[in-house]
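The values are calculated or read from the model by the stated rules, or taken from the named source; none is laboratory data. This one's a predicted model, so the numbers in the text were calculated from it and none came from an experiment. Because the Cβ atoms are built from the backbone with ideal geometry, glycine has one as well, and the counts that use them run over all protein chains shown.
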Amino acid sequence: MSTLHITMIQSELHWEQVDANLQLFSEQMEPVSQTDIIVLPEMFTTGFSMRPELFSESPDGKAVQQMKAWASKKNAVVCGSLMTSDNKRYYNRFYWVEPDGTVQTYDKRHLFSLGHETQHYTAGTHQLTLTRNGFKIRCAICFDLRFPVWLRNNNSYDVLLIVANWPQRRIYAWRQLLIARAIENQCYVAALNRVGMDGNNIYHNGCSMFIGPKGEVLKEIRDESGLIDMVLSKSELDEVRNDFPFLTNADSFSINL
């Protein structure tokens, strides 16, 4: 039976302090063992900052090098997003780092205009779907969650993996949208948010969670730093899809980028 063990680290973040956050996650990662994927929040080295000219790194900078070291040490994928400088542009970039040092990336497609993200970062143009233990995994970042066409499942993935800095004042939408994405796409959802106050005095209360393909919240952690992990079952997912083959009736469409 194919299974996938995902461990997510819900944490406060030191505002715009790269070294402090790298040290923080090194400490929080110590107890993690025998997992397939370790997930870190959106912009995990800085918080949701609009100052990439000061704190972004190149695609092979020290944060990515640290992710490679963690992945090798834990023999697990390590993933999360970083502010990245690449070809004279800035990106909110998701990094997927394999234990052997292989790196794949996804640039956030839907930039949060209300938080001025569109003024500082360049939007991505490609989706990223990865394979681990026989599971196909689609990656997304925070505001992407509000756009179901971008995340629509055409039998192309089994797990929707989302990292975020989603504030408490809109947490109701976070929970409902996550559940909706699981139901409409008949997939597992693994969603990681941060906790604590950021440098703009915006509070985050986490609500990181795993959701099953029928929309049931399987596990959730709120208002505290800590690990949340779960072993997902491919056979249970296949059973739901076989019993309720809703995706076979989905509308066909294409996305113009």
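Answer yes or no as to whether S225 is of a type in the set (S, T, N, Q), buried (at least 24 other Cβ atoms within 10 Å of the Cβ) and within 28 Å of R51 (Cβ to Cβ).
no
Residues that are of a type in the set (D, E, K, R), under 17 Å from the mean Cα position of the chain (by Cα) and crowded, with 20+ Cβ neighbours inside 10 Å within segment 56-98 comprise just one, R93.
Evaluate the following for H14: is it of a type outside the set (A, V, I, L, M, F, W, C) and in contact with a helix residue (DSSP H, G or I) (Cβ under 7 Å, 6 or more places away or on another chain)? Spell out how you get there, then give the answer.
Details: of a type outside the set (A, V, I, L, M, F, W, C): yes; in contact with a helix residue (DSSP H, G or I) (Cβ under 7 Å, 6 or more places away or on another chain): yes.
So H14 passes the test.
Among the listed residues N205, N193, which satisfies the condition of being closer than 30 Å to L24 by Cα, within 16 Å of the chain's Cα centre (by Cα), surrounded by 17 or more Cβ atoms within 10 Å (Cβ to Cβ) and modelled with pLDDT of 95 or more? Let's see the steps before the verdict.
Details: N205 fails: within 16 Å of the chain's Cα centre (by Cα).
Of the residues listed, the single one that is closer than 30 Å to L24 by Cα, within 16 Å of the chain's Cα centre (by Cα), surrounded by 17 or more Cβ atoms within 10 Å (Cβ to Cβ) and modelled with pLDDT of 95 or more is N193.
Taken over segment 75-117, residues that are of a type outside the set (A, V, I, L, M, F, W, C), in a loop (DSSP other than H, G, I, E, B) and out of contact with any Pro (no Cβ under 7 Å at 6 or more places or on another chain) amount to 11.
Inclusion of G47 among residues that are among the small types (G, A, S) and either in contact with a Gly (Cβ under 9 Å, 6 or more places away or on another chain) or modelled with pLDDT under 95 (or both) is warranted.
Selection within segment 1-39: residues that are part of a strand (DSSP E or B) and in contact with a Pro (Cβ under 8 Å, 6 or more places away or on another chain). The member of this set that is farthest from E224 (Cα to Cα) is I9.
Here Q119 clears all of (1) within 17 Å of the chain's Cα centre (by Cα); (2) more than 30 Å from K74 (Cα to Cα); (3) of a type outside the set (D, E); (4) surrounded by fewer than 17 Cβ atoms within 10 Å (Cβ to Cβ) except the condition numbered (1).
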